[in-house]
Amino acid sequence: MAGRSKVAQEAFDLAEPIVKSMGFDLVDCEYKKEGQYYFLRLFIDKRGGIGIEDCEAVSREVDAALEGKLHADPDYFEVSSPGATRPFTCLADYIRHQGEEIEVSLFAAVDGVKHIEGFIESADDAKLVLKVGDETREFLWNQVAKAQRTIRF
């Protein structure tokens, strides 16, 4: 992911195989100064969502693996869910949430519509396929500006 700091990228590269072996996806990593402290945060996800016990398990495994291997020493290390409203950033996000309802914003209107809600039928390198009502709609990736999960209460 563009914009990751050197420390965050190092941590991502070290943590990703561990996280994957535990059955999760490592979706992002950040290294940030907040006040006087430095925080290293991993964001994990899996189909069906992440619970606190998932974060704890990954934290234990990755913390031990990162010890002494980074070019910085964060004050705090956290593992978190990316959040329900996090925009999708890669193909793996769409695949992980296949069958779920998402909101898609398009760069340009298709059939007079720039915002579509539908259920992910499939996603591959070429396109996104949504079930919208009774019809199936296909969108090339260069048409999709933004997408995120639909949250209903």
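Nothing in this text is a laboratory measurement; each read-out follows from the coordinates by a stated rule. Predicted model, so just to flag it, every value in this text is computed and none were measured. Heads up, the Cβs are rebuilt from the backbone with ideal geometry, glycines too, and the neighbour counts pull from every protein chain shown.
Report the full-extension gain for the segment Arg47 to Asp73: residue separation times 0.36 nm, less the Cα-Cα distance, to one decimal in nm. Kindly include the intermediate steps, with their values, before the conclusion.
Values: separation 26, 0.36 × 26 = 9.36 nm, distance 3.18 nm.
Gain in length upon complete extension: 6.2 nm.
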* Label 7 Å along Cα→Cβ of Val132; region 99-123 residues with amide nitrogen under 15 Å? -> 101-122
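How would you order 105-116, 82-93 from highest to lowest mean count of nearby Cβ atoms within 10 Å?
Working: 105-116: 10.9, 82-93: 14.5.
The most tightly packed comes first, giving 82-93, 105-116.
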* **Potential extension, Ser21-Val110 segment - 0.36 nm per residue separation minus Cα distance** => 28.0 nm
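Quick one: putting +1 on the C-beta of Lys and Arg, -1 on the C-beta of Asp and Glu, what dipole do you get for the chain around its Cα centre, in Debye to the nearest 20? Don't jump to the answer; show the numbers that get you there.
Numbers: 19 positive and 29 negative charges, 68 e Å.
In total the dipole reaches around 320 debye.
Pull out the extension gain between Ser80 and Asp124, defined as 0.36 nm times the separation in residues minus the alpha carbon to alpha carbon distance; nm, one decimal. Let's see the in-between values first.
Working: separation 44, 0.36 × 44 = 15.84 nm, distance 2.68 nm.
Extra length available between Ser80 and Asp124 comes to 13.2 nm.
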* Structure fact -> Given (1) 14.0, 39; (2) 15.3, 47; (3) 17.7, 55 as possible values of Rg and Dmax of the Cα atoms in Å, the one from the coordinates is (3)
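What's the local net charge at His115, with K and R +1, D and E -1, over the other residues with C-beta under 11 Å away? Show your work: numbers first, answer last.
Numbers: positive: Lys114, Lys146; negative: Glu103, Glu117.
Taking every other residue near His115 into account, the sum is 0.
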* What is the count of Lys pairs in the chain whose alpha carbons sit under 20 Å apart, if the two are 8 or more places apart or on different chains? -> 12
